[in-house]
1. Calculate the FRET efficiency for L29 and V108 from the Cβ-Cβ distance with a Förster distance of 41 Å, rounded to the nearest 0.05.
2. Using a Gaussian network model of the chain whose springs link C-alpha atoms within less than 10 Å, name the residue from S161, S18, S28 with the highest mean-square fluctuation.
3. Which ³J(HN,Hα) values in Hz, rounded to whole numbers, follow from the phi angles of the stretch 56-66 under the Karplus curve 6.51 cos²θ - 1.76 cosθ + 1.60, where θ = phi - 60° and Gly and Pro get x?
4. Residue-wise, which Karplus ³J(HN,Hα) couplings in Hz belong to the stretch 31-39, taking 6.51 cos²θ - 1.76 cosθ + 1.60, θ = phi - 60°, and x for glycine or proline?
5. Under a 1.4 Å probe, what is the accessible area of the stretch 60-102 per residue, stated in Å²?
6. What share of all Cα pairs of the stretch 44-101, in percent, falls into each consecutive 5 Å distance bin?
7. Please report the carbon-and-sulfur percent of the accessible area for the chain; probe 1.4 Å, protein heavy atoms only, DNA, RNA and ligands left out.
8. Multiply the residue gap between L36 and L48 by 0.36 nm, knock off their C-alpha separation, and tell me the result in nm, one decimal place.
Amino acid sequence: MALTRTPPVLLALVAILSVQFGNAIAGSLFDVVGPLGAAALRMGLAALIVCVAVRPRVRAWDRRTWAGVIALGIGLAGMNALIYLAIDRIPLGVAVTIELLGPLAVAVAGTRRWRDLTWVVLAAVGVALLGLDGQARLEIAGALLAAGAAVFWALYIVASSKLGPRARGVD
């Protein structure tokens with residue numbers, strides 16, 4: 001099945017599962033390679049998968065496409081490195097909950113109708129409830145690293161939305 005025919009909900013579900021399972025697996029590698037080593041392994045594996053599965057024609061890319069690819073790479077690398085550093089300091093659920101503020105901020109920025117904003121607010125409340133743990137003591141450095149990951153996730157989403165149409169020749 002071609003990606004253009006894949007239902008968006010299915011693509012979103014696969015992306016969410018990939019992010020969450022990737023974070024959990026990477027967390028188990030921290031003792032062996034450290035958080036930054038786990039991020040590097042994940043990024044390297046992702047690059048290999050893209051090169052094999054997509055086989056991009058990089059020689060045909062113009063400057064705007066390269067700028068988009070670089071922004072996308074910075075967003076992805078920053079998001080992974082900072083979330084892994086955060087997970088090393090604070091619980092996984094709390095770190096990912098804080099990180100989800102990035103996509104929520106992008107959703108709020110793109111909202112044009114009150115009904116859509118209502119769904120974003122409900123999602124934000126859900127994220128806040130998931131992150132609340134009266135027993136855990138939150139390390140500020142870990143929370144700030146997770147917030148930094150949220151910023152890079154927002155960059156990743158924006159860069160992806162701008163690069164996607166260019167890569168398909170829609171511009």
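The values are calculated or read from the model by the stated rules, or taken from the named source; none is laboratory data. Worth saying up front: this structure is predicted, and the values here are computed from it rather than measured. Methodologically, a virtual Cβ is constructed for each residue, glycine included, from the backbone with ideal geometry; neighbour enumeration extends over all protein chains shown. Surface accessibility is based on the protein's heavy atoms, side chains included, excluding ligands, DNA and RNA. Shrake-Rupley method; radii C 1.70, N 1.55, O 1.52, S 1.80 Å.
1. Working: r = 34 Å, r/R0 = 0.83.
After rounding to 0.05, the efficiency reads 0.75.
2. S18
3. With coefficients 6.51, -1.76 and 1.60, one gets x, 9, 5, 5, 8, 6, 8, 4, 5, 5, 4 Hz.
4. Those phi angles translate into 5, 8, 10, x, x, 6, x, 5, 5 Hz.
5. On the way: 1980 Å² over 43 residues.
The answer is 46 Å² per residue.
6. In whole percents, the pair-distance histogram is 4, 15, 18, 20, 15, 12, 10, 5, 1.
7. On the way: 7940 of 11430 Å².
Solvent-exposed carbon and sulfur of the chain make up 70 percent of the total.
8. On the way: separation 12, 0.36 × 12 = 4.32 nm, distance 1.82 nm.
So the chain would gain 2.5 nm between L36 and L48.
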